[in-house]
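Student: Structure in structure tokens, see below.
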Amino acid sequence: MSPTCKSIITPYKEMCGSISLISEVLCPEMQPKTLKIVLYTLFFLFPTLYHSLPLSTNSRWIIEEPSGNRKKLTCVNWAAHLQPMLPEGIEKKPLKYIAEQVGAMGFNCVRLTWATYMFTRFSNRTVAESLDQLGLKQAMVGMTQYNPLFLNLTLVDAQKAVVDELGAHNIMVVLDNHVSLPKWCCSENDGNGFFGDLYFDSNEWLLGLTMVANRYKGNPAIVAMSLRNELRGPHQNETGWYKYIQEGATAIHSENPDVLVVVSGLSFETNLSFLKEKPLELNFSNKLVYEAHWYGFFNPKQKWLSETLEIDEKTNEECANVTEEFIKQSAFVMMSSTSRSSNNPAPLFLSEFGVDQRGVNEGDNRYLGCLLSIMAERDIDWALWALQGSYMLREGQVDSEEVYGMFDVNWDHLRNSTVQQRLQLIKQMTQGELQNQMTENISFIMYHPQSGQCVQAAKDSFFTSDCQDWSFWAHHEDGGPIRLTDSSGCLTAVADGVPAIISDDCSSQKSMWKLVSSSKLHVAAQDELGRTEIIWEGPLWSRRKTQSIAVRQIDFGPGGSSGPCSIFTSVEYTKLKATDLDESGA
């Protein structure tokens, strides 16, 4: 073997299984098949380089084994279920670069989609064959430039190379069975929606789940497998759901008991409500996670938009209504309730949400502010749609742009850094160990999802900054003072158009803050003349309407911080000015 080839194998510890590093040096005397053997030898020699531990569940929380500490999933979706059956973007950038950027964006996890047929029908197809059969010549050129060793890998081996590279960068992976027939998802009648549909054979689906679970047995990068994305369509029914979900969950757990089993409901992952009457019975425990989806387009766009003060309160009503519906249909699984047939809370994984990151959709902007408030309040595990800025082939269009993607179309830059900033608090774990707490010891964080910033106090005033730090506040009753903890100060309105302050006056009506909107994202106090005043002006619901602080309590869970921040509150906040309210109270 030449010194050049030795240079590929010798520094394997530094390579950590990185296919992109290995591809920097090619050995002309080694055939592609030999190179592939060297590549996978490197992958399999060092699984201990990954730091993921098996995950389990405790009540509504995902935890690490064996410590019992909470592990929050803050993921991004990476599509690999379309016709090429490859993770998008590896024809535009080296795999190592993409994996590095996932971590740099602050995600600790990737929800990697896959198609059943890739394993059950096309497992021997190579990457080069897949691109060639689809006529994707430019993608072939890009793959040759950025990830040349992929071309001779089978599609299933290419998936494993991606999983291992993510693991080498300490990125956890949730494998999501997105479709059976590789194609764009989802519509009511696309043949991929429910068991028995044209492309959705239940036996083949079970075979695919079993094959994937077996392939990744012992691979610490894989922490969870989801049974199926967005069950839907005219054939969906609860009887079939219970039958096949039980079979699929059992198949995964029997083959790979280390991974979490992620279960979706009906109606495009918006409905788990039938579990209130009949729980899902499985032959294993502490591995079950439910998932849900929530997009702005699930609701009529005009309900999020407002140009007048009167309609603006209707937008607040829309936020309140859709939040209530989300809790009633999906998020209830996180809560204890004596009204359900099963009173056992379980984790909820919001595995898809997202917005048009070009910033042109005002409805999306308002939807996201509403959504982030409930996500922060409940400290929900989540996966943003999406990482990819483009698709090799989507619905007949070559090099199709994904405007919901974190990357731009060329995978060079963030599409919109503002979106990343708005996610900064929900990327953190703000809830921890269950504690016996007295109400007077509860503290809150003021959070502004419109900007992604948190409130910090400074002497007699306050300001917003990134959510790496924050001040703690107490608000124990609607219509009571908002106190700065470990201080005698309270939030106090001054006058119309004047910034609110922190003062020692905690008893006058200027320091008594009451929830005033149906969304419960606005509070107001009265001045000395008895006029109701909002805390500040801002652009949450419209460019000229007022907005304010939200105070909503949530439970604290296992493995987190202790002390006064035992209950968290999401809070609407920005400039903090007092201004008159109109009669609607919006």
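Student: Quick check: from the Cα gyration tensor, does region 75-132 come out rounded (a/c under 1.5), prolate or oblate?
Tutor: Cα axes put region 75-132 in the oblate bin.
Student: So how do 62-68, 425-431 stack up, highest first, on mean other-Cβ count within 10 Å?
Tutor: 425-431, 62-68
Student: Another one. What number comes out for the charge environment of GLU352, summing +1 per Lys or Arg and -1 per Asp or Glu over other residues with Cβ under 11 Å away?
Tutor: With Lys, Arg at +1 and Asp, Glu at -1, the net is -3.
Student: Whole-Hz Karplus ³J(HN,Hα) for region 106-114, in order, using 6.51 cos²θ - 1.76 cosθ + 1.60 and θ = phi - 60°, x for Gly and Pro?
Tutor: Karplus-based 3J(HN,Hα) across region 106-114 equals x, 8, 10, 7, 10, 8, 9, 7, 8 Hz.
Student: Evaluate 2.2 N^0.38 Å with N set to the residue count of region 87-223, then give the Cα radius of gyration divided by it.
Tutor: 1.08
Student: Another question, if that's okay. Send over the semi-axes of region 118-164's equivalent ellipsoid, whole angstrom and largest first, taken as the square roots of 5 times the C-alpha gyration tensor eigenvalues.
Tutor: The equivalent ellipsoid of region 118-164 has semi-axes of 17, 14, 7 Å.
Student: Here's another thing I want to ask about it. What is the sum of charges around GLU401, taking Lys and Arg as +1, Asp and Glu as -1, for the other residues whose C-beta is under 14 Å from the C-beta of GLU401?
Tutor: My count for the surroundings of GLU401 gives -3.
Student: If amide H atoms are built 1.01 Å from N in the plane of the peptide, which residues on other chains or at least 5 residues away come under 5 Å of the amide H of GLY489?
Tutor: Those lying under 5 Å, H to H, from GLY489 are LEU484.
Student: Restricting things to Cα coordinates, could you compute the convex hull volume per residue of region 203-296 in Å³?
Tutor: So the per-residue Cα hull volume is 111 Å³.
Student: Could you tally the net charge around LEU112, taking each other residue with its Cβ under 14 Å from the Cβ of LEU112, Lys/Arg +1 and Asp/Glu -1?
Tutor: Within the 14 Å Cβ shell, the charges total -2.
Student: Please give the peptides 391-403, 162-174 ranked by average Cβ packing (other Cβ atoms within 10 Å per residue), highest first, as a rough proxy for protection.
Tutor: 162-174, 391-403
Student: Mind listing the phi-derived Karplus ³J(HN,Hα) values for region 115-124, rounded to whole Hz, using 6.51, -1.76 and 1.60 with θ = phi - 60°, and x for any glycine or proline?
Tutor: 9, 3, 4, 4, 8, 8, 10, 10, 5, 9
Student: Taking just the alpha-carbon atoms of region 351-505, what radius of gyration and Dmax come out, in angstrom?
Tutor: Rg and Dmax of region 351-505, Cα atoms, are 19.7, 65 Å.
Student: I've got another one for you. May I ask for the distance between the Cα centers of region 232-247 and region 187-215, given as a whole number of Å?
Tutor: When both Cα centres are located, 12 Å separates them.
Student: At a 1.4 Å probe radius, which order do LYS287, LYS459 fall into by accessible area, largest first?
Tutor: These residues rank, largest area first, as LYS459, LYS287.
Student: I need the P(r) histogram for region 49-154: all alpha carbon pairs, bin width 5 Å from 0 out to the longest distance, whole percents.
Tutor: 2, 11, 17, 18, 16, 14, 10, 7, 4, 1, 0
Student: Of all the Cα-Cα pairs you can form in region 476-531, what percent are over 12 Å apart?
Tutor: I get 64 percent for the Cα pairs in region 476-531 exceeding 12 Å.
Student: Name the residues whose placed amide hydrogens come within less than 5 Å of the amide hydrogen of VAL110, ignoring near sequence neighbours (fewer than 5 apart) on the same chain.
Tutor: Residues meeting the amide H criterion: VAL76, MET172, VAL173, VAL174.
Student: Suppose accessible area is computed on protein heavy atoms with a 1.4 Å probe; arrange GLU88, GLU255 from highest to lowest.
Tutor: Order by accessible area, largest first: GLU255, GLU88.
The values are calculated or read from the model by the stated rules, or taken from the named source; none is laboratory data. Note that this is a predicted model, so its numbers are computed, not measured. Reconstructed Cβ throughout: ideal geometry from the backbone, glycine too, with neighbour counts over all protein chains shown. Protein only, heavy atoms only, side chains kept; ligands, DNA and RNA dropped before computing areas. Shrake-Rupley method; radii C 1.70, N 1.55, O 1.52, S 1.80 Å.
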